[in-house]
């Protein structure tokens, strides 16, 4: 969460060449959440860099406010998360192959299934995405508007798919990424998708 506005957060995410976790804007009322948590610098209009771990009962189990240039120790955070959610800590580090996890044979809507597998448009279309990515939502709606069947794969829950999507973009993960036969389209670019899919008009 940041006190910056949404376009600023989007630009920051793009500068990182894609992320797989959601960003929240505490821009208006400006810094209201940060103020509630005691980390808003009202005179500067900015917030402290802080980490809060909250359990399912809403109890703060860990908090750390540190200098903006300091990075929290991820191992400490992972250990604490493991204590809060031991069943998650016990999960295997790798996910099943895409064919095992995402191969669906029905035509359920993409929103209600981790992956929707259909056929059409003379080409298999795979969209690597995350549930919270705004461009992914726009791309999903655009594909449905044009009657394009596609397979949707959530890279935030499928490590193998995440690695595949990054490999398609020189090692940099970006969502959405489309694999259309042997062609690749990184980001939701209607003009590029129109060309690759042979759609008349945009």
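Bear in mind these aren't lab numbers, they're just calculated from the coordinates by the rules spelled out. In this text the structure is predicted, and so the values were computed from the model without any measurement. With ideal geometry, Cβ positions are generated from the backbone for all residues, glycine too; neighbour counts draw on all protein chains shown.
In this structure, residue 43 qualifies as part of a loop (DSSP other than H, G, I, E, B) and more than 25 Å from residue 159 (Cβ to Cβ).
Within the range 1-58, the only residue that satisfies the criterion of being exposed (fewer than 13 other Cβ atoms within 10 Å of the Cβ), in contact with a strand residue (DSSP E or B) (Cβ under 9 Å, 6 or more places away or on another chain) and within 30 Å of residue 166 (Cβ to Cβ) is 24. For the range 156-181, taking the residues that are within 20 Å of residue 12 (Cα to Cα) and in contact with a helix residue (DSSP H, G or I) (Cβ under 9 Å, 6 or more places away or on another chain), the one that is surrounded by the fewest Cβ atoms within 10 Å (Cβ to Cβ) is identified as 172.
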